[in-house]
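Structure first, then comments.
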Amino acid sequence: MKTTILTNCTVIDCTGKPAMPDMTVIIDGAKIAEVKPGRYEQEGGQGEVRVFDLEGGYVLPGLWDAHVHLFDLTPDPQHLLSSESAIDCAIRGGRQAMDALRAGITGIRVVGDREFSDLAWKRAFEDGVFVGPRIYGCGQYICATGGHGWEGPNAVQVDGPYEMRKVVREQLRRGADGIKLAVTGGIGTAGESMYESQFLLDEIRAATEVAHQKGKRVTVHAGGAGGVKTAIRGRVDCIEHGYYLDDEAIEMMVENDVFYVPTIRCTQDRDFINEESGLPEFFIRKARAGARDHLESLQKALKAGLRIASGADQAPSSEMALREIEHLVSAGMTEMAALRSATYTSAELCGLEDQVGTVEIGKLADLIVVSANPLEDISNIRKLRLVLKAGSLVDIKPQEGLVDFSDLFR
Ligand SMILES: [Zn+2]
């Protein structure tokens, strides 16, 4: 078994403990075997041992992007979304996933994709066909006929509880780890309000009953407070976006211990929400109009102590996931809380908290090393030195001959 030793480092373990300076982390094979104070002194080695002197670097759990669509591309100046084949789309999605890992995103939660390509990539990465991030996939994206996102190649339009049961069971048969529904309108679809309710209670309940029988969670795209409340009455496990959460909605989320993935940069990221970025006019108008309510909703959720996971909802994750973490801090989270959102809480949302999400003995070594302290400046998560997935070292150098994702697809 290969042993990997990280020494002369500060560990930010994301369990809730403060940072621990001058530590050594010993990884046996795929798992963390020891996390202890002091430097590693070379001993008579048995087996294969590699030692990294991190010169004061920072060891953290690998980051997650908890709201990804591998197929998505916004803005889309080449109109790839409406013109490319499913195979072209799957190749683009896989490239996005592999880029994410090279940026320190060791896990992605895919919430609605085309032709189950999320689950195909998950198998390919798990089998070692390619080196990519850990994937939690929801299969297709389920919306009402003409509902939010209906025009996307990832959508399946469903009406009534009977169709819902059938389609949810189909996702589960294909191997989905969870189910994603759109219960309200949103920003990216024309001709609807981002707050209007769409799925009805009996439709939502049909989905949660079937998914929960199999021990799988249901998450919902939900913009307005009305839709959030209907979804919680329908026993969903997580709210995505929450563009407007009133006090009652927050209270219901607390009472039902519902997760929240705010995707806050969708309305706050001014580098992205502007005319130059090539977004449609209605998109910019809705995102700007909703910016203040969205920010206040996140701040209410923070105050209420909800479990908040970090998800960017825009490709490529290699950049956008990092931006989301920075925006969580701008919105009022401490650096430590934002890191915990992007590690432990995101892993917990995927039901993987016993395996990954913290630097603890017995967990899989999905780890990153950065050269400067992200607790002093959250953007230091970009100063990446090493990425490990299940104890294996990931090559993070730009590969010769590889075109930049943005050059190729934007
Ligand atoms: Zn989304």
Original post:
Is it the case that the stretch 35-48 has a residue that's within 16 Å of the ligand (Cβ to nearest atom), β-branched (Val, Ile, Thr) and in contact (Cβ under 8 Å) with a residue 24 or more places away in the chain?
Top reply: no
Original post:
Looking at (1) within 14 Å of the ligand (Cβ to nearest atom); (2) farther than 28 Å from Tyr344 by Cβ; (3) touching a Ser or Thr at 6+ places or on another chain (Cβ under 8 Å); (4) not aromatic (Phe, Trp, Tyr), which is the one condition that is false for Lys180?
Top reply: (2)
**OP:** Those residues that are aromatic (Phe, Trp, Tyr) and surrounded by fewer than 22 Cβ atoms within 10 Å (Cβ to Cβ), I need them from the stretch 31-60; list them, please.
**Re:** Tyr40, Phe52
Subject >> All strands (runs of 3 or more DSSP E) inside the stretch 14-107 with 2 or more residues being over 20 Å from Ser318 (Cβ atoms) >> reply: 20-28, 31-37, 48-61
Subject >> Filter result for the condition that a residue is among the acidic types (Asp, Glu) and either out of contact with any helix residue (DSSP H, G or I) (no Cβ under 8 Å at 6 or more places or on another chain) or closer than 25 Å to His241 by Cα (or both), over Asp88, Asp118 >> reply: Asp118
Original post:
So which residues in the stretch 125-144 are closer than 14 Å to Ala90 by Cβ and surrounded by fewer than 16 Cβ atoms within 10 Å (Cβ to Cβ), if there are any at all?
Top reply: Val129, Phe130
Original post:
Which ones in the stretch 315-370 are among the acidic types (Asp, Glu) and without any contact (Cβ under 8 Å) to a residue 12 or more places away in the chain?
Top reply: Glu353, Asp354
Original post:
Got a number for residues in the stretch 206-228 being buried (at least 20 other Cβ atoms within 10 Å of the Cβ) and more than 18 Å from Arg288 (Cβ to Cβ)?
Top reply: 14
**OP:** Name the single residue, out of those in the stretch 208-248 being under 17 Å from Cys143 (Cβ atoms), out of contact with any Asp or Glu (no Cβ under 7 Å at 6 or more places or on another chain) and assigned to a loop (DSSP other than H, G, I, E, B), that is farthest from the ligand (Cβ to nearest atom).
**Re:** Gly234
**OP:** Take the stretch 61-81 and flag every residue that is away from the ligand (no atom under 16 Å from the Cβ), open to solvent by 20 Å² or more (accessible area, probe 1.4 Å) and touching a residue at least 12 places away in the same chain (Cβ under 8 Å).
**Re:** Pro77, Gln78, Leu80
**OP:** Look at the stretch 145-168 and say how many of its residues are hydrophobic (A, V, I, L, M, F, W, C), more than 16 Å from the ligand (Cβ to nearest atom) and open to solvent by 10 Å² or more (accessible area, probe 1.4 Å).
**Re:** 1
**OP:** Tally the residues that are polar (S, T, N, Q) and either surrounded by fewer than 20 Cβ atoms within 10 Å (Cβ to Cβ) or touching a Leu at 6+ places or on another chain (Cβ under 8 Å) (or both), restricting the search to the stretch 296-317.
**Re:** 3
**OP:** Would you check which residues across the stretch 249-285 are within 16 Å of the ligand (Cβ to nearest atom) and not in a loop (DSSP other than H, G, I, E, B) and list them?
**Re:** Phe259, Tyr260, Val261, Arg265, Cys266, Thr267, Gln268, Phe283
**OP:** Among what's in the stretch 347-399 and is in contact with a Leu (Cβ under 8 Å, 6 or more places away or on another chain), of a type in the set (Gly, Ala, Ser) and open to solvent by less than 10 Å² (accessible area, probe 1.4 Å), pick the residue that is farthest from Asp22 (Cα to Cα).
**Re:** Gly391
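The values are calculated or read from the model by the stated rules, or taken from the named source; none is laboratory data. None of these values were measured; they are calculated from a predicted model. FYI the Cβ positions are ideal-geometry reconstructions off the backbone, even for glycines, and counts take in every protein chain you see. The protein model used for the area step is the full one, side chains on, heavy atoms only, and it has no ligands, DNA or RNA in it. Shrake-Rupley method; radii C 1.70, N 1.55, O 1.52, S 1.80 Å.
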